[in-house]
Structure formats: structure tokens, C-alpha cells
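Working notes, structure below.
The values are calculated or read from the model by the stated rules, or taken from the named source; none is laboratory data. What you see is a predicted model; the values in this text were computed from it and never measured. We place every Cβ from the backbone using ideal geometry, glycine too, and count neighbours over all the protein chains shown. In case anyone asks, the SASA skips ligands and DNA or RNA and just uses the protein heavy atoms, side chains included. Shrake-Rupley method; radii C 1.70, N 1.55, O 1.52, S 1.80 Å.
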Amino acid sequence: MTAFTLTSPDIAAGSTIDQSFEFDSFGCTGRNQSPVLRWSGAPVGTKSFAVHVYDPDAPTGSGFWHWYVIDLPPTVTELPANAGAQGGANLPQGARQIRNDYGSYAWGGMCPPPGDKPHRYIFTVHALSVARIDVPDDAPAALTGFMVNANTLAKASFTATYGR
């Protein structure tokens, strides 16, 4: 059996994330574009994928969701650079972006508070047993996460850090 893996040619597991992926507001000056993400080895029976990026170190008491994409077709194994553009034009047909914790339906780049220790950013892909996650378009990331986890066949992650 092949292992289910997630990689990025833009961000190596365990590395420091390049400043270009940083948010473009709140004192951050990055390009606010999502990296290329690739996965392989999904289990038999996968009907869709979900991808998310989460910062467990954000000083919110509940972490911070930077990006959440659901309903990716089972034939998709890569998201190109800037797939997380506002409006979803760079996503595969049928995929949906859930509102991130910045309040937008898009990639929200890293922007930890100045002086904090570098935050961990966990990039994850879920292979799902359903073709569509049953949440409304305005569902919060927590509800979406509940539904994604309830339908996960397998998941793969990597972590990288960023600080300012």
C-alpha cells in the first residue's frame, strides 16, 4: 500500500516559510498567495479531498484557520500556485473555499504578531468518503472541520514555521 503524502515544492516540511506567502495587511507585506501543494497515495474509495492550513500557535485561544478548501474532485492531486485567490477562479471546478479567520473566502497568508516565537503552520489534505461536504457556503471552519473529520478515510500533513 502506498503512503498518503502531502508535499510542496514551495515549502519544505520542517522549513521556514518564505516571506512571499505572508498576508498583505495587518502590518504584513507579503504577496498573500497560496503555495503549490501536491498529494499522492490516496486510499481506494476516495470521493473528494479537503485541504486546509492551520496555525495552532495564534494567540486567539483557538488557533487560526488560514485556508480551507473542500469538494476537490478525486482526480485532483495538486493545487497550483495562488489556487487560493479570492473568488476561487484558480480552483478546480466544484471546489469551494470556506471563510478563513481573516473573514475572506481565500488563502490568508501568515502574519504572526511581531516578536512572537515562530508559529507552526500545519498543511493538511484529507481523502474523503463523500463527494461533497454537507455544509453551507458560509459555514465556519470549525463546523467544516467537524464534517471533514467525520468523513476522512486518510489524511496527510506537513508543518513549517514562520515568524516576524
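Extension gain, Glu78 to Ala154, is 25.7 nm, computed as 0.36 nm per intervening residue step minus the present C-alpha separation. Contact order, relative form, for the range 79-164: 33 percent (alpha carbon pairs under 8 Å, 6 or more residues apart, mean separation divided by residue count).
With a sphere of radius 15 Å drawn around the Cβ of Trp107, what net charge do the other residues whose Cβ falls strictly inside it have (Lys, Arg +1; Asp, Glu -1)?
-3
Between Leu143 and Ser104, 0.36 nm times their residue separation minus their Cα-Cα distance comes to what? Between Leu143 and Ser104, full extension yields an extra 12.4 nm.
Here the chain has 53 percent of its accessible surface on carbon and sulfur atoms, given a 1.4 Å probe and all protein chains in place. What do you get for the angle between helix 141-150 and the principal long axis of the chain? Use alpha-carbon atoms, 0 to 90 degrees, nearest ten. With both axes taken from Cα atoms, the answer is about 30 degrees. Approximating the spin labels as points 7 Å out from Cα along Cα→Cβ, the Ala89-to-Ala13 distance works out to 3.5 nm. Full extension of the chain between Asp24 and Thr2 gives 4.1 nm of extra length, using 0.36 nm per residue less the Cα-Cα distance.
Helical content of the chain, expressed as a calculated mean residue ellipticity at 222 nm, amounts to -2000 deg cm²/dmol (DSSP H runs of 4 or more residues, -39,500 (n - 2.57) each, divided by residue number, nearest 500).
Determine the sum of side-chain charges near Leu128: Lys and Arg each +1, Asp and Glu each -1, restricted to other residues whose C-beta is under 12 angstrom from that of Leu128. Could you put the intermediate results ahead of the total?
Details: positive: Lys47, Arg132, Lys155; negative: Asp71, Asp134.
Here the charged neighbours net out to +1.
Among the chymotrypsin sites (Phe, Trp or Tyr not before Pro) within the range 7-70, those in coil by DSSP and having at most 15 neighbouring Cβ atoms inside 10 Å are Phe26. Take every pair of alpha-carbon atoms less than 8 Å apart whose residues are at least six positions apart; their mean separation over the length of the chain yields a relative contact order of 28 percent. Charge tally around Met147: other residues with Cβ under 15 Å, Lys/Arg +1 each, Asp/Glu -1 each, net +1.
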